[in-house]
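The values are calculated or read from the model by the stated rules, or taken from the named source; none is laboratory data. What you see is a predicted model, and the numbers here were worked out from it, not measured in a lab. Using ideal geometry, Cβ is built from the backbone for each residue, glycine included, and neighbour counts are taken over all protein chains shown. Just so you know, the surface numbers come from the protein's heavy atoms only, side chains and all, with ligands and any DNA or RNA stripped out. Shrake-Rupley method; radii C 1.70, N 1.55, O 1.52, S 1.80 Å.
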Amino acid sequence: MDSKYQPGLFEENIYREWEKKGLFSAKVGKPFTILMPPPNANASLHAGHGMYTIEDILIRYKRLMGFASLWVPGTDHAGFETQFVYEKHLAKQGKSRFNFNRQELYDNIYQFVKDNSGLIYSQFKKLGFLADWERSVFTLDKHVLETVIQTFVKMEKEGYIYKDEYIVNYCPHCGTSLSELESVHVERKDPLYYLKYGPFTLATVRPETKFGDTAIAVHPKDKRYKKWVGQTVEVTGLLGKFNIKVIADTMVDMKFGTGVVKITPAHDPNDFEAGKRHNLEIKKIINIDGRLNELTGPYVGLKVKVAREKIVADLKAKGLIEKIDNEYTHAVTVCYKCGRDLEPTIIPNWFIKVEGLKKPVIKIIEDEKIKFYPKRYKKQVLQWLKVMHDWPISRQIAWGIRIPVWYRINGNEDKIWLSFINKKGEFKKGGTIAQFLSEGHSLDEIKLGLQQITVPLYKEEKVDYVVSVNEPEDGRDWIQETDTFDTWFSSGQWPLVTLKEEEYKTRFPTDVMGTLSDILPFWVSRMIMFSLYQKKQIPFKDVYLWSKVVDSKGQKMSKSKGNVINPIDLVNKYGADAFRASLIFGIGTGGNVPLGEEKVTGMRNFVNKVWNVGRFIKMNRTSVISNPSISLRTGSMRNPANEVSVNKRDNASLDFSLLARNDKLNRLNKELKITKKKYIKFMDSYQFSKALGLVYEFLWHRLADFYIWKVFKGDKHSILEVGFGSELGE
RNA sequence: GGAUCCGUAGCUCAGUUGGCUAGAGCGUUACAUUGACAUUGUAAAGGCCACAGGUUCAAGUCCUGUCGGAUCCACCA
């Protein structure tokens, strides 16, 4: 045996051996089940995935404790994320999504994902994960689609789904609307313009939206402006004179600016709400491509930022700007993916009415039917659930599960807007079906090259639709919604699609959901919601949340900082055990998980120590076998040194050579027993770091340094008699 | 603005319902070495436990306040 443990020589073989023995599938017995949080199908392993080790530890621990543990893996199509990556890939080839129709884009991404998938599983295997790989589920698998669509159909029938023109944050660059959770607020300094506005002066950072103003608001208690409330005033603007109503609303902060606000319901969430309260007209002046539309006169076609500069210059020229405050800082909403400014805009979106669905979730969490570890996340989830409002589930991207809704074309030709790639491969941008038909395109051509449709909701005359997987066959023409479901709509149903039918009787609710704390609101709360809705059961009993893996200085890993650690490199260099242990050892329940190469080498040393303990035992065993004259003697139990103390110092003064062999063994066995008990207590309460610390201390500083080296010095064969439970494995 | 968490050794962090001399890993220093392991062993140095009050026989731990940091939610015309 080598004096150094070389993981590279063993790991792969051991894993193959496990595969041969079929250790990955569940055995018969008391069930213990974990559903693996599905990584993106096209992802490769990053340090954060290393934390799945926690689930692997639980799976192995439970199996060694006699449970039929099952870990079901899977991958997520990760709609928006993946399309974003793919579009970057396209950009490198000088292409964009506008070169493809919907189906082509979908097919291409499918191929792209397929080419990249499988990588992460081979990496998981390198980490030694004991998941049942053959059962892997992909969120676009047939049975998943069926379930997801069935949920939508059921919700629609029961009135939980509605379509509405609602103000959503739209990313003109990524071409989709985003949920509130996908929007990030950043502090920024922007000029605050004081505009002359009829009899008023008002402050705004977005003068370009003034064309969409449909009211002016003041605070009801503001004496300065009281006389104007309810009046219509005349304002001179860039496009000439217009009349506008003055309303009173408590949303106005009297102390801010001049205490007067312009209301632009179509392009500001607050104004949208105010518009609803006061029944204001919604005047849309920015199209979803982020350009001003024909209602803005000479500014039509300009992008928001360009338009703003031009408008400010023109306002200045007309003497309509009173002053500019260049020191104004405010929060801007940006896309979490591309970082560009989001445009609050009104587009038709599908929503889930959350009110009735979230109530049982809140109840379950308050009653602790589902427990959170660490505890503090309970409060966070509850707080988040309480403020949660309706969830927009449609995304204007191709990569995802297409919403099973069909719009009737006949009679609605002038209401359905779409873009498509025509026969010649040309991109035909936004127009109505009627318009394209009159240009000589056939309906089939349009449908074939379809890229995206937008079906606005008119108050009186709604475009009728049916919810159906396939095109209705009634002789009329229908066209399917091009929007896809928000990824979290499908991954939120993960617990409903991962088990086999019969397992829902025995393995549901599953035991633990372990995941990154960041996605608690996106994912965990929604899984609970869907599970309660569809199965009337909680999906899991416990939720264990870990934090981000950061570098050894506590800095977030990022490419620009150059501090990204590739887990596979570490595994190749130091072994999977060392890497895994470094993510567990000395980690508190609180914050981030610091990972540095020093830490891994430290753990490698520990692994090596264990190796050498084994090596020592093996060497002595062969000497026992080769020398049969060595046998055990019995001894007295009455020696005072038998009082077991875990404290090293307490034992320092004792002379162990006086102890009989049996006494030594008893001491060791007793300590092992105590350690085991503690270990089990820690494991059962998800205190992995403490459990590992215990094993570390026992194997190294107690067994190796103390027992082998001091107590059994010169009497090494006795150590062979100690029974070591394999439960101490991890 | 609302909430949560954190300030403990040079660094990263433990410290259970208050209770003996406040711990670990890495780092530092000295010594040891034919011994299973130099990926080792034995030891040492290094702490006003952020600060100020309070409760208590007893506070790193509980309470109040101050300062500093992180995160979540809401909002910022």
Segment A:593-612 and segment A:212-259: distance between their alpha carbon centers, rounded to Å: 67 Å
Too-long pairs where the Cα-Cα distance tops 18 Å, listed order kept, from A:K189/A:K262; A:K358/A:K536; A:K4/A:K553; A:K241/A:K323: A:K189/A:K262; A:K4/A:K553; A:K241/A:K323
Degrees, to the nearest 10: A:355-366 long Cα axis against longest axis of chain A: 20 degrees
For segment A:1-133, convex hull of alpha carbons as volume per residue, Å³: 152 Å³
Segment A:23-116, accessible area per residue, ligands and nucleic acids excluded (1.4 Å, Å²): 39 Å²
DSSP bridge orientation in chain A - percent antiparallel, rounded to nearest 5: 70 percent
Table column - 3J(HN,Hα) (Hz), segment A:401-411, Karplus curve with 6.51, -1.76, 1.60, x for Gly and Pro: 8, 5, 5, x, 10, 10, 9, 7, 7, 4, x
Sites matching trypsin sites (Lys or Arg not before Pro) across segment A:285-342 that sit in DSSP coil, with at most 15 neighbouring C-beta atoms within 10 Å: A:K318, A:R340
Eligible lysines near A:K423 by straight Cα distance, threshold 25 Å, same-chain separation 8 or greater: A:K95, A:K415, A:K447
Amide H contacts of A:V550 (H built 1.01 Å from N, under 5 Å, at least 5 apart or other chain): A:V593, A:L595
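How much length would be gained if the chain were fully extended between A:K535 and A:D444, taking 0.36 nm per residue of separation minus their Cα-Cα distance, in nm to one decimal? Could you put the intermediate results ahead of the total?
Numbers: separation 91, 0.36 × 91 = 32.76 nm, distance 4.13 nm.
Residue separation times 0.36 nm, minus the Cα-Cα distance, leaves 28.6 nm.
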Chain A - Rg over Rh from alpha carbon coordinates, Kirkwood radius: 1.08
Magnitude of the charge dipole, chain A, Cβ model with Lys/Arg +1 and Asp/Glu -1, debye to 20: 2800 debye
Under Karplus coefficients 6.51, -1.76 and 1.60, residue-wise ³J(HN,Hα) of segment A:75-88 in Hz, glycine/proline x: 10, 10, 6, 6, x, 4, 3, 5, 4, 4, 4, 5, 5, 5
Paired Rg and Dmax values of segment A:221-287, which use every Cα atom, in angstrom: 12.5, 38
Set A:K337/A:K548; A:K378/A:K541; A:K154/A:K371; A:K92/A:K559; A:K196/A:K221; A:K245/A:K283 screened for pairs whose C-alpha atoms are more than 24 Å apart: A:K154/A:K371
Centroid-to-centroid separation of segment A:64-126 and segment A:292-314 [C-alpha atoms, Å]: 39 Å
Overall dimensions of segment A:288-415 by Cα: Rg and Dmax, Å: 22.6, 66
Amide H within-cut-off set for A:G301, under 5 Å, with H built and near neighbours excluded: A:L292, A:N293
Given charges at Cβ of Lys, Arg, Asp, Glu: segment A:135-244 dipole, positive-most of A:V205, A:N243, A:C171: A:N243
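Could you work out how much longer the chain between A:K500 and A:K20 gets when fully extended? Use 0.36 nm per residue separation minus the Cα distance between them, nm to one decimal. Write out the running numbers ahead of the final one.
Numbers: separation 480, 0.36 × 480 = 172.80 nm, distance 2.34 nm.
So the extension gain works out to 170.5 nm.
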A:D141 accessible area, assembled protein chains, probe 1.4 Å, Å²: 50 Å²
Set of lysines near A:K126 by C-alpha distance (under 18 Å), chain-local residues within fewer than 8 positions excluded: A:K20, A:K21, A:K573
Solvent-accessible surface (1.4 angstrom probe) belonging to A:E309, in square angstrom, nearest 10: 130 Å²
Cα gyration tensor category, rounded, prolate or oblate, for segment A:397-465 with a/c compared to 1.5: oblate
Qualifying trypsin sites (Lys or Arg not before Pro) for segment A:177-284 [loop in DSSP, other Cβ within 10 Å: at most 11]: A:K221, A:K255
Computed accessible area, A:H143, all protein chains, 1.4 angstrom probe, square angstrom: 80 Å²
Protein accessible area in chain A, 1.4 Å probe - carbon and sulfur %: 51 percent
